[in-house]
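Data block below; observations after.
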Amino acid sequence: MVFSSSIFLLFFFPLFLLLYFITPVKYKNYTALAGSVAFYAWGAPTFIFLVFGVLLADYFLGFKIYHTNGFAKKIYLLISICINVGFLFYFKYSNFFVENINQVFIHFGAKPLQWINVALPIGISFFVFQEMSYTIDIYRGEHAPLKKFTDYMLFIFLFSHLIAGPIVTYHVLADDLVDRKKKLTNDYRLEGFIRFFTGLARKVLIANTLGEYADSVFNSPVLQLSSADVWLGAIAYTFQLYFDFAGYSDMAIGIGKLLGFDFPENFNFPYISQSITEFWQRWHITLGSWMKRYLYIPLGGNKFSTTRTFLNLWIVFLISGFWHGAAWNFIFWGIWHGSFIVLEKLFFQKILQRIPSVFRIAYTFLIVVLGWVLFRANSFQQAVLFIKKMLSFSIMQLQIPVNAKFVAVLMIAISFSFVAVSNLIQNKLLTWYLLPTRKIWLGMKLAIAVLFFLISVAYITSNQFNPFIYFRF
Amino acid sequence: MLLPMIQFAFHPIKSKELKGSFEKFEMPKFNWHSWFDNSFQEATNNYVENNFGFRNDFVRLHNQLDFSLFNIPHVKDVIIGKDFYLFEEGYIKEYCGTNYESLDTLKKYTLDRYNRIKFLQDTLRKLGKQLVVVIAPGKPFYFPDKIPDHYLKERKSATQYNEILNCCNALSVNYIDFNNWFINRKNTIDFPLYSKLGVHWTDYGASLSFDSLCSYFEKVNHKTFRNYYVTYCDTTTTFRKTDGDAFESLNTIWKLKCEKLKYLHYEKKEPDTAWKPQVLTVADSYYWTMLATDLPKKCFANGSEFWYYYNENWRLNNYVISNNPIEKQNLKEQIQHFDFVVLLCGGTNYQSIGMDFVFDLSNEMGYKK
């Protein structure tokens with residue numbers, strides 16, 4: 001079940017909210033858990049028992065870590081990490097490794113390994129990271145384990161961020177899981193609705209429209225495309241991905257507020273970044289934070305030599321890329337960004353400081369767009385062909401036509417993405433959009449959000465509705 | 001957010017149905033196997049997407065926004081021409097001659113079909129029956145100035161319409177060319193024979209065409225049977241019946257006004273004529289417009305049939321038309337009941353006038369290539 005589906009928006013979600021709102025405070029966690037388990041079981045009925053088993057193991061290990069010291073403490077943590085990484089590796093990456101090993105075997109004339117492809121549990125990349133944050137935060141003494149297993153299950157399973165983040169670490173949510181009475185207010189709920197409806201509109205009205213064009217470009221043979229097609233397709237995808245992902249994060253944060261949780265922000269106008277370093281402080285912020293807390297700093301961060309720092313950065317970005325998907329183009333995408341981070345730290349940042357900000361933004365945007373081609377392409381080979389075509393600037397006439405709707409939506413996407421380039425506007429927007437406001441503005445925000453909701457539902461439901469005038473045999 | 005669920009469960013408010021032909025989804029039956037392989041969830045999702053409360057109104061909202069803001073019609077194959085004239089793309093391709101791959105194949109295929117039609121015409125005449133090919137008009141022929149320019153850039157001189165005329169003339173096949181008739185009368189007739197917002201001829205155009213068809217029957221059979229007269233006519237800018245079928249299938253919130261259209265109202269003369277023809281019409285949706293005038297019900301005998309795309313059998317009995325199963329065997333025997341066989345198609349189906357009926361019947365009647 002996805003957030004942008006009729007069954008979620010008009011059946012599951014209103015019913016769930018109604019039950020949640022009428023449930024007494026001390027039982028709300030159980031209602032939220034029941035709803036979340038139902039949500040997961042709808043989408044992945046075969047995996048729920050397996051995931052439950054891993055949760056049980058981690059919960060038990062969390063207690064063990066908390067109540068032991070010294071070497072045993074480390075062992076329990078190691079076991080937890082191995083279970084989680086092993087789980088992720090098996091379900092997400094085993095197919096990739098076996099496929100590549102077999103290609104090597106075939107190349108050398110050896111018999112390939114016999115293997116049945118493993119299916120991927122929904123949300124695995126997100127909940128494994130959250131599980132790891134639980135045991136690591138306990139190990140670090142940052143928070144005690146949760147007393148109730150159901151609260152722990154809720155932390156992992158809460159449907160708002162289970163499928164697509166934001167990645168919520170244990171120390172951020174620990175207190176709210178136990179007591180969030182102060183956040184169960186009407187103002188919070190209203191802000192939650194506004195955030196959810198706005199996120200839905202970003203995804204449905206902007207991302208989906210741009211995605212149609214991007215798909216038509218990326219699904220076409222490169223030979224049939226002009227440079228203009230590929231550039232426009234890449235730009236369309238750039239904004240599709242942002243509005244889709246940021247929209248989903250908005251919906252997750254909105255649901256969190258409705259339930260009394262404060263989830264961290266995940267995007268902060270990433271396309272106004274003036275360097276790749278800054279980009280990663282504005283894009284998928286929770287992933288960056290997780291990588292920093294649980295990988296970069298344990299590796300040594302920037303505490304050791306410059307070479308070691310750069311190696312650590314590279315490793316982090318390589319793993320970030322691989323985390324996104326089990327394919328070579330994701331790995332190369334990670335390497336692409338890691339390389340520019342290292343280059344900026346080495347010397348490029350100093351050069352960037354000397355040029356006007358508009359050129360810094362243009363440079364960053366160009367690197368990001370080219371990176372997204374790697375990310376989106378159906379294979380690494382296709383990505384290379386696409387980038388070659390882009391940089392050749394051969395035929396600049398569009399072979400795939402665009403319509404007025406695409407152009408209008410793209411203009412809106414660009415406007416909303418770059419409007420915060422002025423610090424003044426950025427602060428005003430963030431204040432108006434994110435923070436609780438006076439009632440009159442709240443009312444206006446709610447009215448706009450409800451309108452967004454109605455139009456979004458109209459677009460969701462009509463997406464597949466394209467009748468013939470008359471039935472034809 | 002709860003309102004659609006309440007509407008879905010209790011239907012307190014009646015929602016207008018959507019127009020057009022589209023797939024309908026049923027609520028699936030639950031079993032554990034379908035749950036675990038996700039087929040139940042998928043089927044439920046489809047059912048809910050298409051049946052939740054106020055769904056039709058949401059579809060109209062979406063369609064209205066896309067139509068008003070971006071000129072996007074959400075109907076398969078419908079395009080918006082100049083000045084908001086609606087066309088079905090297939091008709092434009094027929095007009096431009098871009099709906100066939102090779103001219104040689106087109107000629108060969110058309111010749112084969114019309115050789116068979118000629119064979120049927122001659123064979124049926126020996127049995128005292130008449131066969132006639134009726135070329136219904138195509139909207140792009142009538143409004144060529146409203147076609148978007150990028151279609152016209154690819155226009156060829158050879159079209160299926162031309163090939164049909166060539167074959168009919170060369171083989172002396174009986175035909176009525178309403179396409180040419182419409183074009184010739186466009187500037188002289190008082191009201192449009194084609195509407196801006198419809199795919200088919202107007203009710204007025206269909207009435208005049210039907211009258212001409214009956215006149216042909218009377219001439220060929222030397223018997224009069226037309227027994228209706230016009231009681232009154234009215235004009236309106238709000239389309240009726242199928243005159244705005246393309247626009248109605250857009251399923252928007254607001255109805256567009258069209259140009260002034262004329263509607264004739266008929267009464268049956270008394271006493272009824274002694275003889276009425278029993279007619280078999282094998283046709284596409286153009287014949288529905290003729291049926292909507294009610295004239296066939298007044299003029300044709302009981303037992304007259306309309307074989308829609310040679311797949312559905314709509315039979316006339318006591319001024320009522322009902323759907324019956326179609327029998328594709330023993331056509332030779334079935335034909336015995338009819339006085340006239342009409343093969344009728346409009347602009348996008350010119351290449352298949354008579355559909356497979358022509359092949360099936362000619363084979364049964366011993367056609368040899």
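Taking 10 °C and 1.306 mPa s as the conditions, I'd like the Stokes-Einstein D for the range A:117-166 in µm²/s, using the Kirkwood hydrodynamic radius from alpha carbon pairs.
134 µm²/s
About the Cα centre, and with charges only on the beta carbon of Lys, Arg (+1) and Asp, Glu (-1), how big is the dipole of the range A:120-224? Nearest 20 debye, please.
Working: 11 positive and 11 negative charges, 63 e Å.
In debye, rounded to 20, the range A:120-224 gives about 300.
In debye to the nearest 20, how big a dipole does the range B:267-335 give about its Cα centre with +1 on each Lys and Arg Cβ and -1 on each Asp and Glu Cβ?
The dipole of the range B:267-335 has a size of about 100 debye.
At 7 Å along Cα-to-Cβ for each site, give me the label-to-label distance between A:D187 and B:W35 in nm.
Computed distance between label sites A:D187 and B:W35 equals 4.4 nm.
Give me the number: length gained by fully extending B:Y232 to B:E101, i.e. 0.36 nm times residue separation minus the C-alpha to C-alpha distance, one decimal in nm.
Length gained between B:Y232 and B:E101: 42.3 nm.
If packing is taken as the average count of other Cβ atoms within 10 Å, what order do A:89-97, A:354-362 fall into, highest mean first?
For the peptides A:89-97, A:354-362, the packing ranking is A:89-97, A:354-362.
With each run of n ≥ 4 DSSP H residues scored as -39500 (n - 2.57), what mean residue ellipticity at 222 nm is computed for chain B after dividing by its residue count and rounding to the nearest 500 deg cm²/dmol?
-12000 deg cm²/dmol
Apply the Karplus curve 6.51 cos²θ - 1.76 cosθ + 1.60, θ = phi - 60°, to the phi angles in the range B:143-159 and return the couplings in whole Hz, x for Gly and Pro.
Calculated HN-Hα couplings, in order: 10, x, 6, 9, 6, x, 4, 5, 6, 5, 4, 9, 5, 10, 7, 8, 10 Hz.
About the Cα centre of the protein assembly as shown, how large is the charge dipole given +1 on each Lys and Arg Cβ and -1 on each Asp and Glu Cβ? Please answer in debye to the nearest 20.
For the protein assembly as shown, the charge dipole is close to 1560 debye.
Taking all pairs of distinct Cα atoms, average 1/r, flip it, and tell me the Kirkwood hydrodynamic radius of chain A in Å to one decimal place.
Mean inverse Cα-Cα distance, inverted, gives 24.3 Å.
Which residue fluctuates the most in chain B, going by a Gaussian network model with Cα springs under 10 Å, if the choices are B:L343, B:L127, B:L256?
B:L127
Each residue of the range A:372-389 in turn: what ³J(HN,Hα) in whole Hz from Karplus with 6.51, -1.76, 1.60 and θ = phi - 60°, glycine and Pro shown as x?
Result, ordered by residue: 5, 5, 4, 5, 7, 4, 6, 7, 5, 4, 5, 4, 4, 4, 5, 5, 4, 5 Hz.
Assuming R0 = 22 Å, can you tell me the calculated FRET efficiency for the pair A:E265 and A:S339, based on Cβ-Cβ distance, to the nearest 0.05?
Values: r = 27 Å, r/R0 = 1.24.
Once the sixth-power term is evaluated, E becomes 0.20.
Rounded to the nearest 10 degrees, what's the angle between the helix B:203-221 long axis and the longest principal axis of chain B, both from Cα atoms, 0 to 90?
Tilt relative to chain B: about 30 degrees.
Please compute the modelled spin-label separation between A:F108 and B:N311, points set 7 Å along Cα→Cβ, answer in nm with one decimal.
5.9 nm
Return the tail of the calculated pair distribution for the range A:91-230, meaning the percent of Cα-Cα pairs more than 20 Å apart.
70 percent
If you take the Cα atoms of chain B, find Rg, then find the Kirkwood Rh from the mean of 1/r over all pairs, what is Rg/Rh?
1.01
Report the label-to-label distance for A:S357 and A:F418 in nanometres (one decimal), using points 7 Å from each Cα along the Cα→Cβ vector.
Placing both labels 7 Å beyond Cα along the Cβ direction yields 1.4 nm.
Note down the Stokes-Einstein diffusion coefficient of the protein assembly as shown in µm²/s, whole number, using a Kirkwood radius over alpha carbon pairs, 25 °C, and 0.890 mPa s.
After rounding, the answer is 77 µm²/s.
How much of the DSSP bridge set in chain B is antiparallel, in percent, rounded to the nearest 5?
Looking only at bridges with both residues in chain B, the antiparallel portion is about 55 percent.
Roughly speaking, what is the stretch gain from B:A9 to B:E267, that is 0.36 nm per residue apart minus the C-alpha to C-alpha distance, in nm to one decimal?
That pair, B:A9 and B:E267, stretches by 88.3 nm at full extension.
Averaged across B:74-85, how many Cβ atoms of other chains sit within 10 Å of each residue's Cβ atom? Write out the running numbers ahead of the final one.
Details: counts 5, 5, 5, 4, 4, 0, 0, 0, 0, 0, 0, 0.
Other-chain Cβ atoms within 10 Å of each residue's Cβ, averaged: 2.
Using a 10 Å cut-off on Cβ to Cβ distances, tally the other chain neighbours for every residue of A:454-461 and report the average as a whole number.
Taking all residues of A:454-461 together, the mean is 6.
Tell me, A:S415, B:S304 in order of fewest to most beta-carbon neighbours within 10 Å?
A:S415, B:S304
May I ask you to work out the translational diffusion coefficient for the range B:28-111 at 10 °C, viscosity 1.306 mPa s, via Stokes-Einstein with Rh from the Kirkwood sum over Cα pairs, reported in whole µm²/s?
92 µm²/s
What order, most packed first, do the peptides B:119-125, A:254-260, A:101-107 have when packing is the mean number of other Cβ atoms within 10 Å of each residue?
Working: B:119-125: 18.1, A:254-260: 24.4, A:101-107: 11.7.
Sorting B:119-125, A:254-260, A:101-107 by mean packing, highest first, produces A:254-260, B:119-125, A:101-107.
Please turn the phi angles of the range B:5-18 into ³J(HN,Hα) values with the Karplus equation 6.51 cos²θ - 1.76 cosθ + 1.60 (θ = phi - 60°), one per residue in order, whole Hz, x for glycine and proline.
These are the phi-based 3J(HN,Hα) values: 5, 5, 4, 4, 6, 10, 6, x, 10, 8, 9, 5, 6, 7 Hz.
How much length is gained on full extension from B:D112 to B:E364, taking 0.36 nm per residue of separation minus their Cα-Cα distance?
89.1 nm
Can you find, among A:V172, A:L88, A:Q224, the residue farthest towards the positive end of the dipole of the range A:82-239? Put +1 on the C-beta of Lys and Arg, -1 on that of Asp and Glu.
In the range A:82-239, that residue is A:V172.
With the dipole of the range B:54-138 worked out from charges on the C-beta (+1 for Lys and Arg, -1 for Asp and Glu) around the Cα centre, which of B:Y95, B:Q64, B:P137 lies farthest toward the positive end?
Positive-end residue among those listed: B:P137.
Under the definition of Cα pairs under 8 Å and six or more residues apart, what whole-number percent is the relative contact order of chain A?
Contact order relative to length: 17 percent.
Take each of the peptides B:107-118, B:227-238, average the number of other beta-carbon atoms within 10 Å over its residues, and list them starting from the highest. Could the numbers behind the result be given before it?
Values: B:107-118: 18.3, B:227-238: 11.8.
Averaged packing, sorted descending, gives the order B:107-118, B:227-238.
By counting other Cβ atoms within 10 Å of each Cβ, how are B:D149, B:D272, A:D176 ranked from fewest to most?
Least to most surrounded, the residues fall as B:D149, B:D272, A:D176.
Starting from the amide H of B:Y175, placed 1.01 Å from N in the peptide plane, find each other amide H under 5 Å away whose residue is 5 or more places distant or on another chain.
The answer is B:V133.
Hey, what angle do you get for helix B:355-364 against the long axis of chain B, alpha-carbon based, 0 to 90 degrees rounded to 10?
The angle comes out at about 40 degrees.
Among B:E333, B:E101, B:E42, which one shows the biggest mean-square fluctuation in a GNM of chain B, springs joining Cα atoms closer than 10 Å?
Highest fluctuation among the options: B:E42.
Using a Förster radius of 35 Å, what is the FRET efficiency between A:L18 and B:E89 based on their Cβ-Cβ separation? Nearest 0.05, please.
0.15
Which whole number gives the average, over all residues in B:16-24, of C-beta atoms from other chains lying within 10 Å of the residue C-beta?
Working: counts 0, 0, 2, 2, 7, 6, 6, 3, 0.
Mean number of neighbouring Cβ atoms from other chains: 3.
For chain A, what is the calculated [θ] at 222 nm in deg cm²/dmol (nearest 500), taking -39500 (n - 2.57) for each run of four or more DSSP H residues and dividing by its residue count?
-21500 deg cm²/dmol
Taking every DSSP beta bridge that has both residues in the protein assembly as shown, what percent is antiparallel when rounded to the nearest 5? Mind showing how you got there, number by number?
On the way: 22 of 40 bridges.
Of all bridge pairs located within the protein assembly as shown, approximately 55 percent are antiparallel.
If neighbour count is taken as other Cβ atoms inside 10 Å, put B:D37, B:D339, B:D294 in order from fewest to most.
B:D37, B:D294, B:D339
Bear in mind these aren't lab numbers, they're just calculated from the coordinates by the rules spelled out. Remember, it's a predicted structure, so these values are computed and weren't measured experimentally. Ideal geometry is used to build each Cβ from the backbone, glycine not excepted, and the neighbour counts take in all protein chains shown.
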